[in-house]
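Undergrad: Questions regarding the structure given below will be posed in turn.
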Amino acid sequence: EDQVTQSPEALRLQEGESSSLNCSYTVSGLRGLFWYRQDPGKGPEFLFTLYSAGEEKEKERLKATLTKKESFLHITAPKPEDSATYLCAGGGYGQNFVFGPGTRLSVLP
Amino acid sequence: DTAVSQTPKYLVTQMGNDKSIKCEQNLGHDTMYWYKQDSKKFLKIMFSYNNKELIINETVPNRFSPKSPDKAHLNLHINSLELGDSAVYFCASSPGLQETQYFGPGTRLLVL
């Protein structure tokens, strides 16, 4: 059964303190690994799609990387406005699109 | 210029009632989805429509019935609402299957 897990469940950082979020996946025939950001009371907002191991994508303070078993979302020098829940999802064969439970990030000023 | 919109935003109703949630996308996408996000914030896919055809119907009670009048709209009708149906329901769309999905703002359903 396809599965996506994320760690840690919650993360508190001081402003400027860099860290990484982990997404581990077992998805048959992975066709894409997706990262989203979700703010309270809102829908998930698309961040990145990664298609193959070794691929990296960057956007402002965020960088996503992909290996054959996991993906990392690196946050460099975070700001309070980066506080949100970060979701990853795997899309594989058979139209499966499985979301992980998310990591709740809090960045304190 | 909202890409994916849902109505209503909030829905409070009694057990046993029937209700509908509407979704519209103006992105020209071929595929639309319904997700349920429970109190633990887990997003779980319910249905997927590709070019107006049902592609995925996960283990969802048959009280839930999606209807797609055209490629831009995917509505969700729920019969005989139960307490456990209380959740946030998200609509999403993508250019095609397994492509990046774009989400609506969600409909918060509370069944009393």
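The values are calculated or read from the model by the stated rules, or taken from the named source; none is laboratory data. Given the structure is predicted, the values throughout are model-derived calculations rather than measurements. When we count neighbours, we look across all protein chains shown, and the Cβ atoms used for this are built from the backbone with ideal geometry, even at glycine. Please note that ligands, DNA and RNA were not included when accessible areas were found on the heavy atoms of the full protein model with its side chains. Shrake-Rupley method; radii C 1.70, N 1.55, O 1.52, S 1.80 Å.
Undergrad: Can you tell which of B:112, A:30, A:20 lies farthest toward the positive end of the dipole of the protein assembly as shown, using +1 and -1 charges on the Cβ of basic and acidic side chains (Lys, Arg; Asp, Glu)?
TA: Toward the positive end, the furthest listed residue is B:112.
Undergrad: In percent, what relative contact order does chain A have, based on Cα pairs under 8 Å that are 6 or more apart in sequence?
TA: Reported relative contact order: 38 percent.
Undergrad: Express in Å², to the nearest 10, the accessible area of residue B:54 obtained by rolling a 1.4 Å probe over the protein heavy atoms while all chains stay in place.
TA: So the heavy atoms of residue B:54 present about 80 Å² to solvent.
Undergrad: Using Cα centres only, tell me the gap between region A:63-109 and region B:1-64 in whole Å.
TA: If we compute the Cα centre of each part, the gap is 23 Å.
Undergrad: If r is the Cβ-Cβ distance from residue B:15 to residue B:44 and R0 is 35 Å, what FRET efficiency results, to the nearest 0.05?
TA: 0.95
Undergrad: If you don't mind, another one. What net charge do the residues around residue B:109 carry, taking every other residue with its C-beta under 10 Å from that of residue B:109, with Lys and Arg at +1 and Asp and Glu at -1?
TA: Net charge in that neighbourhood comes out at +2.
Undergrad: While we're on this one: I need the fraction of alpha carbon pairs in chain A separated by more than 21 Å, rounded to a whole percent.
TA: 30
Undergrad: Need one value for B:89-101: mean number of C-beta atoms belonging to other chains within 10 Å of its residues' C-beta atoms.
TA: 4
Undergrad: Something else now. Rounded, prolate or oblate: which one fits region B:1-106, using the alpha carbon gyration tensor with axes a ≥ b ≥ c (rounded when a/c is under 1.5, else prolate when a/b beats b/c, else oblate)?
TA: The shape class here is prolate.
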